[in-house]
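Peer 1: Below is a structure I'd like to ask you about.
The values are calculated or read from the model by the stated rules, or taken from the named source; none is laboratory data. For clarity, every value in this text was computed on a predicted model and none was experimentally measured. Using ideal geometry, Cβ is built from the backbone for each residue, glycine included, and neighbour counts are taken over all protein chains shown. Quick note on the areas: whole protein, heavy atoms, side chains included, nothing else; ligands and nucleic acids left out. Shrake-Rupley method; radii C 1.70, N 1.55, O 1.52, S 1.80 Å.
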Amino acid sequence: MFKTTLHAFITAAKGLVVTLAHLFGARRSRKIRDVRKVDYFDKQDGVTTVQFPREKMPIPEVARYQLDVEIDDCIVCDLCAKACPVDCITIESVKSPDVIGKTSDGSVKRLYAAQFDIDMAKCMYCGLCTVVCPTECIVMTDQYDRSMTNLAELTYSFTDMTAEEVEQKKREWTRFQAEKEAAKNK
Ligand code: SF4
Ligand code: SF4
(Lines give C-alpha, C1' and ligand atoms only; values in the text may rest on other atoms or scores of the structure.)
(Ligands and ions follow the chains in the order given, each with its own letter.)
Protein backbone atom coordinates (compact mmCIF):
# COMPACT_ATOMS: atom_id res chain seq x y z
CA MET A 1 0.00 0.00 0.00
CA PHE A 2 2.74 2.44 1.04
CA LYS A 3 4.86 1.50 -1.99
CA THR A 4 1.95 1.98 -4.36
CA THR A 5 1.14 5.40 -2.91
CA LEU A 6 4.78 6.47 -3.11
CA HIS A 7 4.96 5.28 -6.72
CA ALA A 8 1.83 7.29 -7.55
CA PHE A 9 3.36 10.46 -6.04
CA ILE A 10 6.65 9.96 -7.90
CA THR A 11 4.82 9.44 -11.20
CA ALA A 12 2.67 12.54 -10.62
CA ALA A 13 5.79 14.57 -9.73
CA LYS A 14 7.53 13.45 -12.94
CA GLY A 15 4.49 14.45 -14.99
CA LEU A 16 4.40 17.83 -13.25
CA VAL A 17 8.08 18.44 -14.03
CA VAL A 18 7.42 17.80 -17.74
CA THR A 19 4.39 20.12 -17.66
CA LEU A 20 6.36 22.88 -15.91
CA ALA A 21 9.25 22.50 -18.36
CA HIS A 22 6.82 23.04 -21.25
CA LEU A 23 5.11 25.91 -19.45
CA PHE A 24 8.36 27.83 -19.01
CA GLY A 25 9.66 26.66 -22.41
CA ALA A 26 6.60 28.17 -24.08
CA ARG A 27 7.83 31.60 -23.02
CA ARG A 28 10.91 31.19 -25.21
CA SER A 29 10.96 30.98 -29.01
CA ARG A 30 13.19 28.64 -30.90
CA LYS A 31 16.21 30.22 -32.50
CA ILE A 32 16.45 30.48 -36.27
CA ARG A 33 19.45 28.30 -37.03
CA ASP A 34 21.20 27.90 -40.33
CA VAL A 35 20.68 24.33 -41.52
CA ARG A 36 24.35 24.20 -42.58
CA LYS A 37 25.56 24.71 -39.00
CA VAL A 38 26.61 21.66 -36.99
CA ASP A 39 24.32 22.58 -34.09
CA TYR A 40 21.20 22.61 -36.31
CA PHE A 41 19.75 19.44 -34.75
CA ASP A 42 20.71 20.34 -31.18
CA LYS A 43 17.86 20.36 -28.72
CA GLN A 44 16.38 23.82 -28.49
CA ASP A 45 15.11 25.41 -25.26
CA GLY A 46 11.97 27.08 -26.51
CA VAL A 47 8.91 25.18 -27.63
CA THR A 48 7.39 28.00 -29.65
CA THR A 49 8.16 27.71 -33.35
CA VAL A 50 9.33 30.65 -35.43
CA GLN A 51 6.65 33.20 -36.24
CA PHE A 52 6.05 32.19 -39.88
CA PRO A 53 5.63 34.03 -42.23
CA ARG A 54 7.24 36.99 -40.41
CA GLU A 55 10.22 34.78 -39.55
CA LYS A 56 11.51 32.02 -41.78
CA MET A 57 13.93 29.22 -41.16
CA PRO A 58 16.98 29.42 -43.41
CA ILE A 59 16.91 26.84 -46.17
CA PRO A 60 19.82 25.00 -47.75
CA GLU A 61 21.07 26.03 -51.19
CA VAL A 62 20.20 22.63 -52.64
CA ALA A 63 16.66 22.65 -51.25
CA ARG A 64 13.93 21.38 -53.56
CA TYR A 65 10.91 23.61 -53.58
CA GLN A 66 8.62 25.15 -56.20
CA LEU A 67 9.67 24.74 -59.81
CA ASP A 68 10.24 27.59 -62.20
CA VAL A 69 10.77 27.55 -65.95
CA GLU A 70 12.63 30.19 -67.94
CA ILE A 71 10.47 29.66 -71.01
CA ASP A 72 12.72 31.73 -73.30
CA ASP A 73 15.44 29.12 -72.78
CA CYS A 74 13.16 26.11 -73.29
CA ILE A 75 13.58 24.16 -76.53
CA VAL A 76 10.35 22.22 -75.82
CA CYS A 77 12.17 18.88 -76.06
CA ASP A 78 9.71 17.23 -73.62
CA LEU A 79 12.52 15.47 -71.74
CA CYS A 80 11.41 16.86 -68.38
CA ALA A 81 7.84 15.60 -68.92
CA LYS A 82 9.13 12.15 -69.91
CA ALA A 83 11.42 11.97 -66.86
CA CYS A 84 8.70 12.98 -64.41
CA PRO A 85 7.65 9.89 -62.42
CA VAL A 86 4.22 11.30 -61.57
CA ASP A 87 3.35 12.87 -64.94
CA CYS A 88 2.77 16.31 -63.55
CA ILE A 89 4.36 18.18 -66.48
CA THR A 90 2.15 18.68 -69.54
CA ILE A 91 3.79 20.04 -72.66
CA GLU A 92 2.29 20.66 -76.07
CA SER A 93 4.61 21.74 -78.84
CA VAL A 94 3.88 23.32 -82.20
CA LYS A 95 6.41 22.91 -84.98
CA SER A 96 7.76 25.86 -86.90
CA PRO A 97 8.90 25.86 -90.55
CA ASP A 98 11.88 27.99 -89.55
CA VAL A 99 14.25 28.42 -86.65
CA ILE A 100 12.43 30.64 -84.17
CA GLY A 101 15.36 31.73 -82.05
CA LYS A 102 18.14 30.67 -79.73
CA THR A 103 18.33 30.07 -76.02
CA SER A 104 20.87 31.86 -73.82
CA ASP A 105 23.24 28.89 -74.16
CA GLY A 106 23.00 29.00 -77.98
CA SER A 107 20.63 26.04 -78.47
CA VAL A 108 18.45 26.41 -81.55
CA LYS A 109 14.70 26.69 -80.98
CA ARG A 110 12.39 25.08 -83.54
CA LEU A 111 9.29 24.40 -81.46
CA TYR A 112 6.77 26.69 -79.83
CA ALA A 113 5.59 25.86 -76.31
CA ALA A 114 1.84 26.00 -76.85
CA GLN A 115 1.33 24.52 -73.39
CA PHE A 116 3.76 24.10 -70.53
CA ASP A 117 1.97 23.31 -67.28
CA ILE A 118 3.32 21.90 -64.05
CA ASP A 119 0.89 20.56 -61.47
CA MET A 120 2.73 21.35 -58.24
CA ALA A 121 0.01 19.57 -56.24
CA LYS A 122 1.20 16.31 -57.81
CA CYS A 123 4.92 17.09 -57.85
CA MET A 124 6.98 15.06 -55.40
CA TYR A 125 10.01 17.35 -55.65
CA CYS A 126 12.37 14.65 -56.87
CA GLY A 127 14.22 17.11 -59.10
CA LEU A 128 14.55 14.67 -62.02
CA CYS A 129 13.12 17.17 -64.49
CA THR A 130 15.83 19.69 -63.60
CA VAL A 131 18.56 17.08 -64.08
CA VAL A 132 17.55 16.04 -67.60
CA CYS A 133 16.90 19.51 -69.00
CA PRO A 134 19.52 20.19 -71.70
CA THR A 135 19.30 23.97 -71.35
CA GLU A 136 18.89 24.04 -67.56
CA CYS A 137 15.83 26.23 -67.86
CA ILE A 138 13.68 24.28 -65.40
CA VAL A 139 14.91 24.85 -61.86
CA MET A 140 13.89 24.41 -58.27
CA THR A 141 13.52 27.69 -56.44
CA ASP A 142 13.60 28.55 -52.73
CA GLN A 143 9.84 29.26 -52.77
CA TYR A 144 7.91 26.87 -50.53
CA ASP A 145 5.04 28.91 -49.14
CA ARG A 146 2.61 29.27 -52.02
CA SER A 147 -0.44 28.01 -50.16
CA MET A 148 -3.69 27.93 -52.14
CA THR A 149 -7.30 27.33 -51.19
CA ASN A 150 -8.10 26.22 -54.74
CA LEU A 151 -6.09 23.15 -55.84
CA ALA A 152 -6.29 24.18 -59.51
CA GLU A 153 -4.17 27.23 -58.72
CA LEU A 154 -1.25 24.91 -58.03
CA THR A 155 -1.03 24.15 -61.74
CA TYR A 156 1.42 26.71 -63.02
CA SER A 157 1.40 27.67 -66.66
CA PHE A 158 4.70 28.80 -68.16
CA THR A 159 3.77 29.32 -71.78
CA ASP A 160 4.00 32.88 -73.02
CA MET A 161 1.67 32.24 -75.98
CA THR A 162 -1.96 33.24 -76.24
CA ALA A 163 -4.58 30.81 -77.62
CA GLU A 164 -4.77 32.92 -80.80
CA GLU A 165 -0.99 32.74 -81.30
CA VAL A 166 -1.05 28.96 -80.85
CA GLU A 167 -3.79 28.60 -83.48
CA GLN A 168 -1.90 30.87 -85.85
CA LYS A 169 1.34 28.86 -85.47
CA LYS A 170 -0.57 25.62 -86.02
CA ARG A 171 -2.07 27.05 -89.24
CA GLU A 172 1.38 28.16 -90.40
CA TRP A 173 2.76 24.65 -89.89
CA THR A 174 -0.21 23.01 -91.69
CA ARG A 175 0.20 25.43 -94.63
CA PHE A 176 3.94 24.74 -94.77
CA GLN A 177 3.33 20.99 -94.90
CA ALA A 178 0.69 21.36 -97.61
CA GLU A 179 3.04 23.50 -99.71
CA LYS A 180 5.81 20.93 -99.26
CA GLU A 181 3.52 18.11 -100.38
CA ALA A 182 2.33 20.12 -103.39
CA ALA A 183 5.95 20.85 -104.41
CA LYS A 184 6.76 17.15 -104.12
CA ASN A 185 3.86 16.13 -106.39
CA LYS A 186 4.71 18.58 -109.18
S1 SF4 B 1 10.41 17.52 -59.42
FE2 SF4 B 1 10.00 15.36 -59.96
S3 SF4 B 1 7.81 15.11 -59.62
FE4 SF4 B 1 8.19 17.32 -59.69
S5 SF4 B 1 7.83 17.90 -61.83
FE6 SF4 B 1 10.03 17.45 -61.62
S7 SF4 B 1 10.22 15.29 -62.20
FE8 SF4 B 1 8.05 15.66 -61.77
S1 SF4 C 1 13.69 19.50 -70.53
FE2 SF4 C 1 14.10 21.70 -70.41
S3 SF4 C 1 14.21 22.36 -72.54
FE4 SF4 C 1 13.21 20.37 -72.54
S5 SF4 C 1 11.00 20.84 -72.44
FE6 SF4 C 1 11.70 20.54 -70.34
S7 SF4 C 1 12.20 22.60 -69.62
FE8 SF4 C 1 12.10 22.69 -71.84
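Peer 1: Output the residue which, of all residues in region 90-99 that are more than 24 Å from GLN143 (Cα to Cα) and open to solvent by less than 60 Å² (accessible area, probe 1.4 Å), is nearest to ligand 1 (Cβ to nearest atom). Full working, then the answer.
Peer 2: The initial filter retains those residues of region 90-99 that are more than 24 Å from GLN143 (Cα to Cα), namely 92-99.
With open to solvent by less than 60 Å² (accessible area, probe 1.4 Å) added as a condition, the list becomes 93-94, 96-97.
Working: SER93: 18, VAL94: 22, SER96: 26, PRO97: 31 Å.
The qualifying residue nearest to ligand 1 (Cβ to nearest atom) is SER93.
Peer 1: Being of a type in the set (A, V, I, L, M, F, W, C) and in a helix (DSSP H, G or I): is that true of VAL18 here? Give the derivation first.
Peer 2: Numbers: of a type in the set (A, V, I, L, M, F, W, C): yes; in a helix (DSSP H, G or I): yes.
Criteria met by VAL18.
Peer 1: Continuing with this model, one more query. Being touching a residue at least 12 places away in the same chain (Cβ under 8 Å) and surrounded by fewer than 17 Cβ atoms within 10 Å (Cβ to Cβ) is the filter here; which residues of region 102-116 pass it? Full working, then the answer.
Peer 2: Just the residues of region 102-116 that are touching a residue at least 12 places away in the same chain (Cβ under 8 Å), to begin with: 103-105, 107-116.
The answer is SER104, ASP105, SER107, VAL108, ARG110, GLN115.
Peer 1: Within the group ASP119, ASP87, which residue is at pLDDT 95 or above and crowded, with 16+ Cβ neighbours inside 10 Å?
Peer 2: None of the other options fit; the residue is ASP119.
Peer 1: Sticking with this structure for a sec: Counting just the residues of region 19-45 that are surrounded by 10 or more Cβ atoms within 10 Å (Cβ to Cβ) and among the hydrophobic types (A, V, I, L, M, F, W, C), which one comes out farthest from the chain's Cα centre (by Cα)?
Peer 2: LEU20
Peer 1: Mind telling me which of the residues THR11, THR48 ends up being surrounded by 10 or more Cβ atoms within 10 Å (Cβ to Cβ), at pLDDT below 75 and of a type in the set (S, T, N, Q)? Can you show your working first?
Peer 2: Details: THR11 fails: at pLDDT below 75.
It is THR48.
Peer 1: Which members of region 84-142 meet the condition of being in a loop (DSSP other than H, G, I, E, B), touching a helix residue (DSSP H, G or I) at 6+ places or on another chain (Cβ under 6 Å) and among the β-branched types (Val, Ile, Thr)? Walk me through it before giving the result.
Peer 2: Residues of region 84-142 that are in a loop (DSSP other than H, G, I, E, B), as a first pass: 84-88, 96-100, 103-107, 110, 120-127, 133-137, 141-142.
Now restrict to residues that are touching a helix residue (DSSP H, G or I) at 6+ places or on another chain (Cβ under 6 Å): 84, 97, 103-104, 120-121, 133, 135, 137.
Those that are in a loop (DSSP other than H, G, I, E, B), touching a helix residue (DSSP H, G or I) at 6+ places or on another chain (Cβ under 6 Å) and among the β-branched types (Val, Ile, Thr): THR103, THR135.
Peer 1: Can you name the residue in region 59-84 that is open to solvent by less than 40 Å² (accessible area, probe 1.4 Å) and away from ligand 2 (no atom under 11 Å from the Cβ) and, of all such residues, is farthest from the chain's Cα centre (by Cα)? Steps first, please.
Peer 2: As a first pass, look at region 59-84 and keep what is open to solvent by less than 40 Å² (accessible area, probe 1.4 Å): 63, 66-67, 69, 71, 73-74, 76, 80-81, 83-84.
Still in the running and away from ligand 2 (no atom under 11 Å from the Cβ): 63, 66.
Numbers: ALA63: 10, GLN66: 2 Å.
Within region 59-84, the match that is farthest from the chain's Cα centre (by Cα) is ALA63.
Peer 1: Determine, yes or no, whether GLU181 is open to solvent by 60 Å² or more (accessible area, probe 1.4 Å), assigned to a helix (DSSP H, G or I) and among the acidic types (Asp, Glu). Steps first, please.
Peer 2: Details: open to solvent by 60 Å² or more (accessible area, probe 1.4 Å): yes; assigned to a helix (DSSP H, G or I): yes; among the acidic types (Asp, Glu): yes.
So GLU181 passes the test.
Peer 1: Then there's this: State the number of residues belonging to region 144-175 that are surrounded by 13 or more Cβ atoms within 10 Å (Cβ to Cβ) and in contact (Cβ under 8 Å) with a residue 60 or more places away in the chain.
Peer 2: Within region 144-175, residues that are surrounded by 13 or more Cβ atoms within 10 Å (Cβ to Cβ) and in contact (Cβ under 8 Å) with a residue 60 or more places away in the chain number 9.
Peer 1: Starting from residues that are of a type in the set (S, T, N, Q), at pLDDT 95 or above and within 30 Å of the chain's Cα centre (by Cα), keep the ones in region 149-186 and report whichever is farthest from ASP87 (Cα to Cα).
Peer 2: Result: THR162.
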